[in-house]
4 protein chains.
Amino acid sequence: MKKIGIVGGTGYTGVELMRLLARHGGVEITAITSRGDAGSRVDAMYPNLRGAIDLCFTAPDEANLADCDLVFFATPNGIAMQQAPELLAQGVKVIDLAADYRIKDLDVWSKWYGMSHASPDWVERAVYGLPELYRDEIRDAELVANPGCHVTATTLGLLPLMGQAWVDHDRLVADSKSGTSGAGRKAEVPMLMAEAGESFKAYSANGHRHQPEIVQTLAAVAERSIGLTFVPHLIPMVRGIEVSLYIPLVGEPTADVQQLYEAYYDAEPFVDVMPPGSHPETRSVRGNNLCRMAIFRPQGAATLVISSVIDNLVKGAAGQAVQNMNLMLGFPEQQGLDLVALSP
Amino acid sequence: MKKIGIVGGTGYTGVELMRLLARHGGVEITAITSRGDAGSRVDAMYPNLRGAIDLCFTAPDEANLADCDLVFFATPNGIAMQQAPELLAQGVKVIDLAADYRIKDLDVWSKWYGMSHASPDWVERAVYGLPELYRDEIRDAELVANPGCHVTATTLGLLPLMGQAWVDHDRLVADSKSGTSGAGRKAEVPMLMAEAGESFKAYSANGHRHQPEIVQTLAAVAERSIGLTFVPHLIPMVRGIEVSLYIPLVGEPTADVQQLYEAYYDAEPFVDVMPPGSHPETRSVRGNNLCRMAIFRPQGAATLVISSVIDNLVKGAAGQAVQNMNLMLGFPEQQGLDLVALSP
Amino acid sequence: MKKIGIVGGTGYTGVELMRLLARHGGVEITAITSRGDAGSRVDAMYPNLRGAIDLCFTAPDEANLADCDLVFFATPNGIAMQQAPELLAQGVKVIDLAADYRIKDLDVWSKWYGMSHASPDWVERAVYGLPELYRDEIRDAELVANPGCHVTATTLGLLPLMGQAWVDHDRLVADSKSGTSGAGRKAEVPMLMAEAGESFKAYSANGHRHQPEIVQTLAAVAERSIGLTFVPHLIPMVRGIEVSLYIPLVGEPTADVQQLYEAYYDAEPFVDVMPPGSHPETRSVRGNNLCRMAIFRPQGAATLVISSVIDNLVKGAAGQAVQNMNLMLGFPEQQGLDLVALSP
Amino acid sequence: MKKIGIVGGTGYTGVELMRLLARHGGVEITAITSRGDAGSRVDAMYPNLRGAIDLCFTAPDEANLADCDLVFFATPNGIAMQQAPELLAQGVKVIDLAADYRIKDLDVWSKWYGMSHASPDWVERAVYGLPELYRDEIRDAELVANPGCHVTATTLGLLPLMGQAWVDHDRLVADSKSGTSGAGRKAEVPMLMAEAGESFKAYSANGHRHQPEIVQTLAAVAERSIGLTFVPHLIPMVRGIEVSLYIPLVGEPTADVQQLYEAYYDAEPFVDVMPPGSHPETRSVRGNNLCRMAIFRPQGAATLVISSVIDNLVKGAAGQAVQNMNLMLGFPEQQGLDLVALSP
C-alpha cells in the first residue's frame, strides 16, 4: 500500500479525494491536515465518510508528510508554492489541486492570482496534469499541477481542433456553467442557497483566471496564438460543469468533425465522444471521472458547437488528481475511478 | 372595465396572465376556456389564485369571446391561426402568445412548426409585439404576435448594436439558458424534476425555432443579413432566462458601448441597462416585466459580451402580453406591471 | 405619507420590507440604516429593487429615525432591546422583527437567547404581533413584537383547537420545514448551496427557540399548559414553510373540524382554510402574506393532521410586519399586501 | 458469474439496479426487458451507463429469463404477481421491487392497490426483504418482496422500540419526506420540475399505501396492534428520504435509548446509528445503501424523536434488492454495495 497525505482536507476537493481513495485499494491515507480542525474526526465534518475513513485531522506540523509516497495539496491558492518544495526535496511526489503551478508565465500568474511566486523554479519543473495531453510526462513527474475545472471541460472540448487550418483560432468562445461546489466550502454570502438557488447569472465576465490557463495549453498544441472569450456562469445546483464552445470556421473542415473527435479520443479511458445528436447532461458524469462531449454544426453554418460536461469535483479536481496519482505511482490509470455516474 | 378572454387558460402563460390581470385594475376577465377542464374552478388547478380569481373554466364553444374587448390565446402553436380570425372579424382584438403569427415568411414558419398556415393573410397584418421596437404599430394593431421567451432576451440584448459598422453581423452567438417552466405545463419525462433537477444541458443545439424569429427582427433593424448561432440550455430551476451574447467586432466601436445602450433604452420602462461591472441575475426580475442587461468587453479584446435576463413567463410571455394589451386598449403602458421582483 | 425607518436593512427581512413598502402607497421610507454599508446604494446590494427604491444605506447615527412615524428593526436578536426604547420614548412606534420582545418570561427568553434583557419593562408593554389574535391591541400598540416564522405557521394551524376538550394538549407535535432564507443573509457554511442543496435534514431537534414562543401563545389561548414537540427541518429551496401538525384526540370532536376552522378564520384576510382533500403547497403563498392550511384525519383514526404553509419572509416576517404597521398607523389592513402568489 | 434478468428496466429502480450490478463482480446481466423500447440501447436512454452496460432492451417474450439465476421485477404494481410464478416454477429466484408480495393480508392489499391478487399462494411464500429482520429467511427464499422506500426508513427507525413497555404503540407518528424520484419515471404533471421545484407539500395525508406495510412489520415484531399516523411529503430534490418519527412515551425508558439502538444495530452493515446530537442528512447516504439515524429526546419531555435517512433508490429500492440478491445467491452481503455516499 502506498502512503498518501492530504494537506488541507476540509474543502470539497479534500472530501472527494477521500471518497475516491477510500475505495482505491492500492493506497492508504496516512495523514489529513487541517490547522483549524486538528484533532477532530474527519467523519464528524463529513458524515458521508462514516465507515469509510477512520481518521482525525492532524495539525500540519505534526503530520509526518515526509513519510508519504505522494501528497495532495487541496489547499487555497498560494499554500502549495510555499510548502510543496520541502516535501519534493525529500523525494515525496506532489499533486497540487490549486493553481500554484499551472501557469508557466510567472507574470501572467502574478497578475491573475495577486501574489508573487514563492517557488518559481518548481513552476518550470511542474507537469501540467492533463493526462490526455501529457500522460508520459506525468508518469515521470515529481510535481503535477492539476488543471482547473472550467479549464478541463473547455480544453478537452477544443483540443482536437487545435491547429486545423479551417478553425478561426482568434475568435473562440467558451460559455461555461458550473454548479456552486466549484466555489469551494467557504462561508460567502453569494454562495448561500438563498442567494444562488433558483437563479442564474454570469460572473467574472470581464476576465477570469481560467482563461489564461486554457489559452496556455491550446496555444502550445496549436503552435500559434489563441483568441478566447471565456465567460463562466453559476448554475443553481451543486455539481457539474457544462461548457458550450463556439468555434467559427474559416473554411470547410477537411475531415468529418465527429470522426475527428472519435479518433482523437479513441484510446482515452475518461473521454466519451457521444453519438451525433446527443446532448450531454452534467448528471451523466455525476460522481465519476468522465468528460462527455458532443459535436454540432447548427444548420450547417460556419460555426461549430461543442458541448462538453464534467463533474467539477471529479474530472475537474479530485478524480483527475487520482488519475494523475495512478500514473505517478504506477497503478493502472483507471484504478479507483471505475464508478458509474449517479443518475437520476 | 374592459372585458378580457383567455383561450387555453390551463398552461403557465395562462396562470401568469391571471396573476397579472387580477390586480390590473382596468380589466375584467370574463372567460377562461379549457376543453378538458370546463366546469372546474380555476383556483382548484392554481391554488395561488385562491381569493384572486373567482371563475370556472368554460368550454370553448360556450365562452362568449365575441363580447370581449381583447382575447389572449395562451394555446399551443397552431390553435390561434384557426380560431383568432373569427374573433378578429367581429372586432375583437387578439394577442397570440404562441408562435402562429410571429414569422412573416410562411415557408420558414412551416419548416420550423411543421404545419401549413391556416390564416396567412393575418400573418401579414399581425404586429410583432415587441414594444421597444413597434410601440406605435401595437397601439393600432388588431392582432399582436407576442414574441418568444429566448427571443425577447436575445433581441433586446442585441438591438442597439444592429447596423453598427464595427459589428460582425455574420458571427453572432447567443448562448441562452432557461428555467424549465419555459417548456410549459405538459406531462413529459424530460421535464420531470427527477430528470431536469440537479443537472444542466444544452438542447436543440442543431437548430431551434427561436433562431429564425430573432434573425427576422435583427435583419429588419440592421437592414442586412444576420448570421446567428443560437443554442438554448435547460437550467435546473423554474423561472428565468439568461442569455450571454457574443458579438465579434470588426473594428473599434465608434461610441462608448455602455452609453450607447443607456441612450438606446433611456425611455424604456421595462429595460434596465445596469452599471458597468454588474452581472444580471435572473432572480432580479423574478415575477416582473423587466429585462436587465449588462455590457462587457473581456480584457479589451475584439468580442463584446452582453448578458441579458428576463423572467420567461413575464417579459418572456404573459407580462409582455399585458404590456401589449395596455398599448392596444389605451391603458398606461405600465399599468398592472409595476411589480417588484421577488428576491431572494 | 407616513415616514418609515428601517434599522438593519441588509438582511432578507429588510429587502422584503422594502419590496412591500415600495408599492404600499401610504408610506415613504426615509431611512435605511446599515453600519457596514453606509453610503452605498440599496439597489447595488439588491438589484431587484432597481427602479423601486432610490436610497442609500445610512449610518445608524446619522439616520434621523426620531422623525419617523414608525421604525422597523430588521436586526439580529439583541439590537432592538437596546435601541428601540429611545425611539419609543420620543413617540416613534416600533415593530421588532427579531425576537427581543416576543417572550414575556424573561428567564425563558434569557435561556434561549443567551443574553440578559436590556429593556425588560418594554417586554411587558410590547404587543405580540399576531393580528389574528391580538388585532385590537396591535392597533393601540407602541411596540409590536413580530412573531417568528415557524411560529406563525404552527400557531395559526393550532389556534382553533386550543381549549377543545377532545384535544390532547400534552402531546402535540409540529414537524416544520423551512427554506434556507429563514437562516438569513449570513455567511455560514451550512447554508451554502453546496451544503444545503439537494439534501434534507432536521436541525435543532433537541430544542429550538421557536418552541417556547409557540407554547406561550397556545397556553394563553387554551388557558392551560401545553406539551409540544417541535422539530424544524431544512428544505433545499429558498422560500416557504410547511408545518405538519399532529394532534392526538382524547375524545371524538364535538364539531366538524373543517367547519370549525372555516368559522374560526372566516373574517381573516390572510388565512385560507382550503377545501377538504387539498394539500397546501408552499409555492401557493410565495411572495404573499397568506397562511393556507388544510385539515386531515387519516383513516378516521385518533390523530388529526393539519398542514399549514406560509412564505417565511412574508407572513413569517416582513409581510406580517407590514400588516401590523397597517393596523398601527390606521391603514386598511390589506394595503400593500394584496399580491397574488408567484406560481409556478 | 450468476445470470441476472431485469423485467421492466426503463424506470429509476431499473437504472439503479444496472448501476450497482455493473460493478458487482459476481453477476452478469443477461436480459433487460422493455416492451416499448425493445431493440434500443440501454445507454441511449441512460447515458450515465455508457461504458458500463453494453446491452439493448429485449421484448419480454424474447428474453430468455428462465435461464437466469435470479430475476428482478422493476415493474409497476400488478405485473410481478402475473409473471413471476412461471419463472419461480422453473426454479428462477425472484425479487419483486414493486408491492405485489409485500402485504400478507390480501384484503388489505386489494384495498390499497385496487386489484385482486393474481398469485395469492405466492404471497404467503414470499419473504419480506428487510435483511435486518429476516436475513435467514431471505437466504432461503425463492421469492422476495422488496420493501417500499418510506417503509424502509420508517421501519428501521422504529424497530428497536417495538415491544418496549414504555412506548405508546398506539400513537406513533411518521412524518416522511421524499425526493421526487420516488414517484418514478412517469410523465405526470405534478412531478414536473416547474411544479415540484422550489415548493414543498404533504401528499396523501388521508392515507398512503405504505402505512399498512409499515404496520404489518411493526405489529409482527411488537406482537401487538400498532397505531401509526404516516404522512408523506414531497421535497424539491431528486433523491433521498428523511423521516422524523415521534414516539410518545408512557413511562420512563428502562434503558438508555441511544445504547439500545447502537446495540440493536451493532452487527448491521447498512444501518448507522449516529452519535448523540447528530442530524442525519439525506446527502450523507446519496447513492449508497446505508440507513443513518439519530435519536433525540427534546427537552427531556415525554416524546422521543428519531430522524432516519436513506437514499430512496438505493436502500429504499435497488440497493436493498441487491443486498437481498447477495443473500439469496450466496454472495457476501456487502458485495457491490460498498460505495461511499456522494457529498456534496
Checklist entry - By DSSP, what percent of the beta bridges with both residues in the protein assembly as shown are antiparallel, rounded to the nearest 5? => result 45 percent
Checklist entry - Hey, what's the per residue convex hull volume over the C-alpha atoms of the range B:251-332, in cubic angstrom? => result 109 Å³
Item to check | Heavy-atom accessible surface of the protein assembly as shown: percent carbon and sulfur, 1.4 Å | outcome: 46 percent
Item to check | Over chain C: helical MRE at 222 nm, DSSP H runs n ≥ 4 each giving -39500 (n - 2.57), nearest 500 | outcome: -7500 deg cm²/dmol
Item to check | chain D: angle of helix D:210-222 to the longest principal axis, Cα-based, in degrees nearest 10 | outcome: 60 degrees
Checklist entry - Taking the label point 7 Å from Cα in the Cβ direction, how far apart in nm is B:Gly91 from each other copy of itself, listed shortest first? => result 6.0, 8.7, 9.9
Checklist entry - What shape does the range A:66-209 have by the C-alpha gyration tensor, where a ≥ b ≥ c are the square roots of the eigenvalues, rounded means a/c under 1.5, and otherwise prolate means a/b greater than b/c and oblate the rest? => result oblate
Checklist entry - Any idea how far apart A:Asn206 and C:Arg35 come out in nm if each label point goes 7 Å out from Cα toward Cβ? => result 3.1 nm
Next on the checklist: I'm checking a number: the convex hull volume of the Cα atoms of the range A:49-125, normalised per residue, in Å³. What is it?
Outcome noted: 110 Å³
Checklist outcome for this item: Rounded to 0.05, the calculated FRET efficiency for the beta carbons of A:Ala89 and A:Ala44 at R₀ = 35 Å is 0.55
Item to check | Copy-to-copy label separations for A:Ala255, where each label sits 7 Å from Cα toward Cβ, in nm and ascending | outcome: 4.6, 6.9, 8.1
Next on the checklist: Less than 18 Å apart at the alpha-carbon level, and either on another chain or at least 8 residues along: which lysines does that give for B:Lys93?
Outcome noted: B:Lys2, B:Lys3
Next on the checklist: Compute for chain C: radius of gyration divided by Kirkwood radius, i.e. Rg/Rh, restricted to C-alpha atoms, rounded to two decimals.
Outcome noted: 0.96
Checklist entry - Once both axes come from the Cα atoms, what is the angle between helix D:12-21 and the longest principal axis of chain D, in degrees from 0 to 90, rounded to 10? => result 80 degrees
Checklist outcome for this item: Helix C:149-158 sits off the longest principal axis of the Cα atoms of chain C, rounded to the nearest 10 on a 0 to 90 degree scale, by 30 degrees
Checklist entry - For D:298-311, what's the mean count of beta carbons from other chains sitting within 10 Å of each residue's beta carbon? => result 4
Next on the checklist: Between A:Val221 and D:Glu252, what is the label-point separation in nm under the 7 Å Cα-to-beta-carbon projection?
Outcome noted: 7.2 nm
Next on the checklist: With unit charges on the beta carbons (Lys and Arg positive, Asp and Glu negative) and the dipole taken about the Cα centre of the range A:2-125, which residue among A:Ser119, A:Pro85, A:Leu49 sits farthest to the positive side?
Outcome noted: A:Leu49
Next on the checklist: Once you keep just the Cα pairs under 8 angstrom separated by 6 or more residues, what percentage relative contact order results for the range A:2-125?
Outcome noted: 24 percent
Next on the checklist: Modelling each spin label as a point 7 Å along the Cα-to-Cβ direction, I'd like the C:Lys104/D:Lys186 distance in nm, to one decimal.
Outcome noted: 5.2 nm
Checklist entry - What share of Cα pairs, in percent, lie more than 19 angstrom apart in the range D:185-294? => result 63 percent
Item to check | Net charge dipole size for chain A [Lys, Arg +1 and Asp, Glu -1 on Cβ; Debye, nearest 20] | outcome: 720 debye
Item to check | Area hidden from solvent between A and B (accessible, protein heavy atoms only, 1.4 Å, total, Å²) | outcome: 4000 Å²
Checklist entry - If we hang a label 7 Å off Cα along the beta carbon direction at D:Lys104, how far is it from the matching labels on the other copies, in nm, shortest first? => result 5.4, 7.4, 7.7
Checklist entry - Which of the residue pairs B:Lys104/B:Lys186; A:Lys201/B:Lys315; B:Lys177/B:Lys201; B:Lys315/C:Lys177; A:Lys186/C:Lys315; D:Lys111/D:Lys201 have a Cα-Cα distance greater than 21 Å in the structure shown? => result B:Lys104/B:Lys186; B:Lys315/C:Lys177; A:Lys186/C:Lys315; D:Lys111/D:Lys201
Checklist entry - Between the range C:112-182 and the range D:130-191, what is the C-alpha centre distance in whole Å? => result 36 Å
Next on the checklist: With a 1.4 Å probe and all protein chains left in place, how much accessible area per residue does the range C:2-125 have, in Å²?
Outcome noted: 40 Å²
Checklist entry - Counting pairs of alpha carbon atoms under 8 Å apart in space and at least six apart in sequence, what relative contact order in percent does chain A give? => result 17 percent
Item to check | Whole-number D in µm² s⁻¹ for the protein assembly as shown, Kirkwood Cα-pair radius fed into Stokes-Einstein, 4 °C, 1.567 mPa s | outcome: 39 µm²/s
Item to check | the range D:150-312, dipole about Cα centre (Lys/Arg Cβ +1, Asp/Glu Cβ -1), debye to the nearest 20 | outcome: 480 debye
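The values are calculated or read from the model by the stated rules, or taken from the named source; none is laboratory data. Source: prediction; values computed, not measured. Note: ideal-geometry Cβ built from the backbone for every residue, glycine included; neighbour counts use all protein chains shown. The protein model used for the area step is the full one, side chains on, heavy atoms only, and it has no ligands, DNA or RNA in it. Shrake-Rupley method; radii C 1.70, N 1.55, O 1.52, S 1.80 Å.
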